[in-house]
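Chemist: Let me begin by handing over the structure; questions about it come next.
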Amino acid sequence: MTGYGRGEATSAGIRCVVECASVNRKGLEVACQLPRELSALEVVIRERVAHRVARGRVNVGVAVTIAGGGSAAEIDRALARDLLREIRSLQKELALAGDLDVNTLLALPGVIRTPQQTTADYEPIIARALDIALTALSTMRAKEGQSLHRDLTKRLAALRKARTRMAKLAPEIVVRYRNELRARVERTGVQLPVDDMRLATEIALFAERCDVSEELTRLDSHFAQIAEKLDMAGPVGRALEFLTQEIYRELNTLGSKAGDSALTRLVVDSKVELDKIREQVLNVE
């Protein structure tokens with residue numbers, strides 16, 4: 001399912017912006033783009049996304065800045081005084097000439113110090129921004145889910161309607177076959193009694209071959225399970241995929257056993273409708 005969300009959080013002078021975008025995938029795939037120095041947080045981000053998203057490719061972008069455009073520099077005054085005292089003592093001891101200005105002193109290692117945040121400083125801020133982005137993402141995906149629910153419910157109703165027509169046609173197939181078989185025999189000039197055993201045996205064998213009652217019953221069961229899954233909270237995409245595969249198998253069996261053009265057309269039409277359902281189910285979480 002597709003969606004987009006943006007989250008922002010600021011704390012202790014650190015500003016974090018997280019953007020999440022999802023596209024359709026059969027499973028869950030999380031791709032992270034974040035500053036190199038924060039790469040250790042990628043595992044945390046993946047786990048946090050997995051708690052909120054079950055299927056799809058989710059691209060997560062993380063941008064971090066320091067408030068005011070950069071970190072505030074500090075002068076280590078105690079270190080500067082100690083260095084100055086030691087330098088002057090050494091100059092006096094060695095009788096060295098020369099002046100020491102403030103620029104030279106500030107250039108010495110450690111005199112000017114820039115506070116450095118650790119990964120632990122960034123983690124809670126990124127987590128807050130990510131949660132906000134994932135909430136917005138989930139809201140957009142939920143709206144798409146409502147549209148998918150309406151579409152799948154409509155197509156399921158079409159399949160059920162076709163199944164009802166199949167159930168009405170099925171008993172008529174044997175009757176038509178019996179009448180056609182008797183007519184073919186009589187066209188040869190042979191008159192058969194109504195209770196002819198050979199004719200009855202042939203019709204019974206045909207009736208057994210084209211009996212689709214089990215397939216129709218299983219279709220009813222699969223349709224009911226799909227309707228139940230559509231009204232459930234939580235991820236149902238994989239279950240729907242499995243059920244559509246089972247429905248396709250039953251329709252294939254129905255088509256091979258049909259022995260009737262009208263029933264075959266219903267099977268073909270149902271497969272077309274089922275293909276549309278299968279495409280949509282790939283978008284369902």
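Bear in mind that the values in this text are calculations on the coordinates, not laboratory data. The shown structure was predicted, so the numbers you read here are calculated from the model rather than taken from an experiment. Note that each Cβ is placed from the backbone with ideal geometry, even for glycine, and that neighbours are counted across all protein chains shown.
Chemist: Please compare each pair in Lys168/Lys229; Lys168/Lys257; Lys154/Lys271; Lys154/Lys276; Lys161/Lys271; Lys143/Lys276 to a cut-off of 18 Å on the Cα-Cα distance and tell me which ones are over it.
Modeler: Cα-Cα > 18 Å for Lys168/Lys229; Lys143/Lys276; rest within.
Chemist: Something else about it: Count the net charge of all other residues whose Cβ sits under 11 Å from the Cβ of Ala224, scoring Lys and Arg as +1 and Asp and Glu as -1.
Modeler: Overall, the nearby charge balance is +1.
Chemist: Return His222, His149 ranked ascending by Cβ neighbour count within 10 Å, so the fewest neighbours appear first.
Modeler: Ordered by Cβ neighbours within 10 Å, fewest first: His149, His222.
Chemist: Additional query: Taking the beta-carbon count within 10 Å as an exposure proxy, list Tyr248, Tyr4 from fewest neighbours to most.
Modeler: Tyr4, Tyr248
Chemist: Sticking with this one: If we restrict to alpha carbons, what Rg and Dmax does region 1-91 come to, in Å?
Modeler: 21.9, 74
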